[in-house]
Amino acid sequence: MADISVTIHKHDVVIVGAGGAGLRAALEASKGVNTAVISEVFPTRSHTVAAQGGVAASLSNVEPDDWVWHMFDTIKGSDYLGDQDAIEFMCRMAPEVVIELEHMGMPFSRLQNGKIFQRRFGGHTKDFGKEAVQRTCAAADRTGHAMLHTLYEQCVKNQVVFYNEFYALELLKNEDHVVGVLAWDIANGGFHIFHAKATMFATGGYVRVYKTNSNAHINTGDGLALTLRAGFPVEDLEFVQFHPTGIYGVGNLITEGVRGEGGYLLNKDGERFMKRYAPTVWDLASRDVVSRAMAEEMRQGRGCGPEGDHMLLKLDHIGAGIIHERLPGIWELAYVFAHVDCTKEPIPVTPTAHYSMGGIPTNLSAEVVLGGMDKPEEPVKGFYAAGEAACASVHGANRLGSNSLLDIMVFGKVGGQHMAQFAQSLPEHVPLPENPGKRGIEEVTSLLNGTAGETMGAVWDELKESMEANCGVFRTEETLAKQRAVLQKLCDRYKKVGIADKGLAFNLDLIETLELGHMLDYSKAIVEGALARQESRGAHYRDDYPKRDDEKWHKHSLAYMEEDGSIRLDYKPVRMKPLTVPTFEPKERVY
Amino acid sequence: MLKTVTFSVFRYDPEKDKKPYYKDYKVELRRPGMMVLDGLNQIRWEQDGTLAYRRSCREGVCGSDGLNINGVNMLACITHIKDLKDPIVVQPLPSMPVIKDLVVDFTDFYRKYYLVKPYLITKTPPPSDRERLQSPEDRKKLDGLYECILCACCSTSCPSFWADPDYLGPAALLKAWRFIADTRDEGADERLQIINDRDGAWRCHTILNCVEACPKQLNPTEAIAELKKTIIHRKF
Ligand SMILES: Cc1cc2nc3c(=O)[nH]c(=O)nc-3n(C[C@H](O)[C@H](O)[C@H](O)COP(=O)(O)OP(=O)(O)OC[C@H]3O[C@@H](n4cnc5c(N)ncnc54)[C@H](O)[C@@H]3O)c2cc1C
Ligand code: SF4
Ligand code: SF4
Ligand code: FES
């Protein structure tokens, strides 16, 4: 095969990812400096478009609310693993970023008085847990769509530069300074080096490694693998959120907003079992609690259907009118994917892998940070991360619904501002290293030139199935050790995987095979983190260690990848000191 | 033995093929509710890795996989295989240049979307510390407009769009109306100027293909009719 061309581009700021986090950052950075966004799909096809229920902010449009209550709920939801300074920062900024979205033109649903509509969501309460509060701001059940399109529209208006259908292959660094990324032009083929003063990963979540999941095909956590390969750590990967209400059999999401509007779960006896697990807020407990309750009901033989393998989500009692007005997308999804008219019948549901709490470690400025138990956190020069790919850590061990759309707005915005400042402070670009992108270029050329042995599909199937079986809602030493061995074998097999498509134009075979390599890399970090963590906290539940153990495990995991591909774990303390209010000390979580 | 259906898929690799051809594949129906996208994935992952198409959300909200299936434009990810006549003929969206197999070049479609200034235009500054107010009734005017996913199923089914390379097409015009209909927007004049052009709203002859094609049940024809009415009232 002839040599494939390498083109070099120079921008002050380069953002990888055009979901909510990437676009919000781009809007901010492009005000001050030359900014470009790289995305493997056209921006409005990013996963943020699928978000349904809403974005949390204590606007008090319906009833009195307070950012401190929001902060408390988020900390409690995180099972006290969230960093309290970051959480305070996010909750205080929430009203501002939501109002900005309205000013940009986002079509929020409205209350009678013309203000933004707000609904109840799991884990969001008033007065430190007394009862559910209406905090989640929504555009019907298409909030993510409304948000992402609005942000992209603003980018069009402000003439942000986009490289769409470009796939990032390698993070570039010179000594300890991140200097850009290497990418592949998906439509035409060809390598492109994006040389930047500041580089951000806003590449989204990683739960595509689970067979049953609510995510888009493209959510393969590329940013995490590229970070690991560049020698930087990833944080808390073992915390994977299983959302209680995925459509039975396919995993597509039914928003928590359904329960926020009054829907509830039933077991096979028609019992509202959540009252036994969360006596105060019932079905609106946080997601880890509800998912585990469902799994427990099924384990005890109270699941529905001939196999006893799902639960029922009833919402017809809230009335066809409200369903069509506030939950039109859900009606469609249930109809298309479960053949159910949810104004008349319940929707069959099971927990579905949904959200990545872990990610690239960042601070309040969205700078990527290094640190350890006795090493204070220190930013990596020129490297930023935001959104689901990052770990701020505002979600700790379990994210509250509607806090992710908030996270991506807050840290996207702040990250964009800081990148612009940082770029302005550097008189010149730090030069590219010698042979920039060597590793990524070799990875692609060897796939294009190699012969097919194993096929990508078979390895991927086994990865998804085994992760679900061994590293899912419930985990034990035994299942995790088994998964460690499975991953080792899959990594060996991956070395022999070849691609059938050798062309340059839109080579999906190449992209999916690269994605599989990325997934294998960080799956090891998920499993190693989970195996080491001998406690149950938030979404990480160990049957063999069912209690939270603050003495030993009140700390963040950090995973590094060694030269040979193995994972080395390290830890760092939880940042317990908020910015202005007293610390919320760890307590037992009851809902 | 599992039941199979035949997918007859449009194939074209610009580096290898002089012209496009169709290739038949057998797809196994392994679970109820399989979509056309599941079938394409099965082909790619198990039979023929060289097949290319776009996909992302797999639930009809991102607009990546508009395809022409048995002659009708639709989204592969929300089209049930069992509702289709066997063999299932899968082609790229009509009238757009093919990049490879089922992947078409959207450049022209996006260009037309950018032309209508697809963003809120305001002259009056918003209140500094709270949202602009909008009544639920005014907000309702955006329903059936804001949900567009830019899949191009409508425009690529429109005979006027095929015939006139400069016609903005139903998707861009629907987007224009989404903003003009928004009580917060003050850019109607700028947009209507563009749309009053001969390649704007007047190229629509109310053939209604677009309405039939829209997988989100939106109604571009109605939006175009509203645009025409507004233009006449303003006497451009
Ligand atoms: C069905 C569903 C419903 C949800 N509902 C809600 C909700 O109601 N409220 C809430 O708060 N949260 C919700 N969430 C979660 C929330 O939507 C996501 O966490 C959030 O949108 C993530 O945004 P992001 O910008 O970080 O990433 P994404 O939107 O996933 O964007 C990632 C971007 O990175 C790009 N990218 C990735 N890898 C590469 C690469 N190698 N090269 C180039 N580009 C790359 C992609 O092209 C994309 O542009 C929901 C999630 C799901 C799955
Ligand atoms: S109604 Fe107008 S826009 Fe729609 S298909 Fe017909 S000519 Fe095209
Ligand atoms: S109007 Fe409908 S068919 Fe046309 S681009 Fe939008 S969603 Fe697709
Ligand atoms: S994959 Fe998103 S619309 Fe079909």
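The values are calculated or read from the model by the stated rules, or taken from the named source; none is laboratory data. Remember, predicted model here, so these are calculated numbers, not experimental data. Every residue, glycine as well, gets a Cβ built from its backbone with ideal geometry; the counts of neighbours run over all protein chains shown.
Regarding region A:298-318, can at least one residue be identified that is closer than 21 Å to residue A:126 by Cα and either at pLDDT 90 or above or aromatic (Phe, Trp, Tyr) (or both)? No, the conditions are met nowhere in region A:298-318.
Inspection of region B:133-154 identifies at least one residue that is away from chain A (no Cβ under 14 Å) and within 16 Å of ligand 4 (Cβ to nearest atom).
Within 16 Å of ligand 4 (Cβ to nearest atom) and more than 24 Å from the chain's Cα centre (by Cα): is that true of residue B:42 in this structure? When the stated conditions are applied, residue B:42 passes them. Summed over region B:25-39, residues that are more than 15 Å from ligand 4 (Cβ to nearest atom) and buried (at least 22 other Cβ atoms within 10 Å of the Cβ) total 2. Residue check: is residue B:75 away from ligand 2 (no atom under 16 Å from the Cβ), more than 8 Å from chain A (Cβ to nearest Cβ) and touching a helix residue (DSSP H, G or I) at 6+ places or on another chain (Cβ under 9 Å)? Yes: the conditions hold for residue B:75. Checking each residue in region B:110-128 for being away from ligand 3 (no atom under 14 Å from the Cβ) and more than 7 Å from every other protein chain (Cβ to nearest Cβ) picks out B:111, B:115, B:117, B:121, B:122, B:123, B:124, B:125, B:127, B:128. Taking region A:403-428 as the range and being within 8 Å of ligand 1 (Cβ to nearest atom) and either within 15 Å of residue A:148 (Cα to Cα) or without any contact (Cβ under 8 Å) to a residue 24 or more places away in the chain (or both) as the test, the residues that pass are A:404, A:405, A:406, A:407, A:408, A:412. Taking region B:26-58 as the range and being under 20 Å from residue A:213 (Cα atoms) and part of a strand (DSSP E or B) as the test, only B:35 passes.
Consider region A:473-513 and keep the residues that are within 26 Å of residue A:250 (Cα to Cα) and touching a strand residue (DSSP E or B) at 6+ places or on another chain (Cβ under 7 Å). The one that is surrounded by the fewest Cβ atoms within 10 Å (Cβ to Cβ) is A:476. If the condition is being free of Cβ contacts under 8 Å to residues at least 24 places away in the same chain, within 19 Å of residue A:288 (Cβ to Cβ) and part of a loop (DSSP other than H, G, I, E, B), then region A:536-575 contributes A:536, A:546, A:547, A:549. Evaluating residue B:163 against the criteria (1) within 10 Å of ligand 2 (Cβ to nearest atom); (2) touching a residue at least 12 places away in the same chain (Cβ under 8 Å) leaves one unmet condition, (2). When we screen A:270, A:246, A:231 for residues that are surrounded by 23 or more Cβ atoms within 10 Å (Cβ to Cβ) and either touching a strand residue (DSSP E or B) at 6+ places or on another chain (Cβ under 9 Å) or closer than 25 Å to residue A:304 by Cβ (or both), the only hit is A:246. With respect to (1) closer than 30 Å to residue A:260 by Cα; (2) in contact with a Ser or Thr (Cβ under 9 Å, 6 or more places away or on another chain); (3) within 15 Å of ligand 1 (Cβ to nearest atom), the lone exception for residue A:68 is condition (3). The set of residues in region A:176-228 being within 14 Å of ligand 1 (Cβ to nearest atom), small (Gly, Ala, Ser) and surrounded by fewer than 24 Cβ atoms within 10 Å (Cβ to Cβ) consists of A:187 alone.
The strands (runs of 3 or more DSSP E) falling completely within region A:159-274 that include 2 or more residues that are of a type in the set (Phe, Trp, Tyr) and in contact with a Phe, Trp or Tyr (Cβ under 9 Å, 6 or more places away or on another chain) map to A:161-164, A:166-174, A:191-201.
A quick yes/no check of all residues on (1) more than 24 Å from residue A:480 (Cβ to Cβ); (2) over 24 Å from the mean Cα position of the chain (by Cα); (3) of a type in the set (D, E, K, R):
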residue: A:533; (1), (2), (3): no, no, yes
residue: A:545; (1), (2), (3): no, yes, no
residue: A:553; (1), (2), (3): no, no, no
residue: A:556; (1), (2), (3): no, no, no
residue: A:569; (1), (2), (3): no, no, no
residue: A:574; (1), (2), (3): no, no, no
residue: A:585; (1), (2), (3): yes, yes, yes
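Of the residues examined, residue A:37 is not one that is among the aliphatic types (A, V, I, L, M) and either outside any strand (DSSP E or B) or in the same structural domain as residue A:257 (by the TED database) (or both). Pull up region A:127-143, narrow it to residues that are touching a strand residue (DSSP E or B) at 6+ places or on another chain (Cβ under 8 Å) and closer than 24 Å to residue A:51 by Cα, then point me to the one that is surrounded by the fewest Cβ atoms within 10 Å (Cβ to Cβ). It comes out as A:134. For region A:194-232, the tally of residues that are under 24 Å from residue A:414 (Cβ atoms), among the small types (Gly, Ala, Ser) and more than 12 Å from chain B (Cβ to nearest Cβ) stands at 7. Cβ separations smaller than 9 Å between residues 6+ apart or across chains give no pair from region B:194-221 residues that are closer than 12 Å to residue B:173 by Cα and among the acidic types (Asp, Glu) to residues that are away from ligand 1 (no atom under 16 Å from the Cβ) and in a helix (DSSP H, G or I). Residues in region B:59-99 that are charged (D, E, K, R), away from ligand 4 (no atom under 12 Å from the Cβ) and part of a loop (DSSP other than H, G, I, E, B): B:85, B:86. Here the condition is being within 11 Å of chain A (Cβ to nearest Cβ), surrounded by fewer than 22 Cβ atoms within 10 Å (Cβ to Cβ) and of a type in the set (Val, Ile, Thr); of B:61, B:98, it holds for B:98 alone. The selection criterion, being farther than 25 Å from residue A:117 by Cβ and buried (at least 20 other Cβ atoms within 10 Å of the Cβ), holds for residue A:297. Every condition in (1) part of a helix (DSSP H, G or I); (2) of a type in the set (A, V, I, L, M, F, W, C); (3) at pLDDT 95 or above holds for residue A:504 except the one numbered (1).
Screening region B:131-236 for helices (runs of 4 or more DSSP H) wholly inside it with 2 or more residues that are surrounded by fewer than 24 Cβ atoms within 10 Å (Cβ to Cβ) and within 16 Å of ligand 3 (Cβ to nearest atom) returns the ranges B:159-163, B:209-213, B:220-234. Scanning region A:420-441 for residues that are loosely packed, with under 11 Cβ neighbours inside 10 Å and part of a helix (DSSP H, G or I) returns a single hit, A:425.
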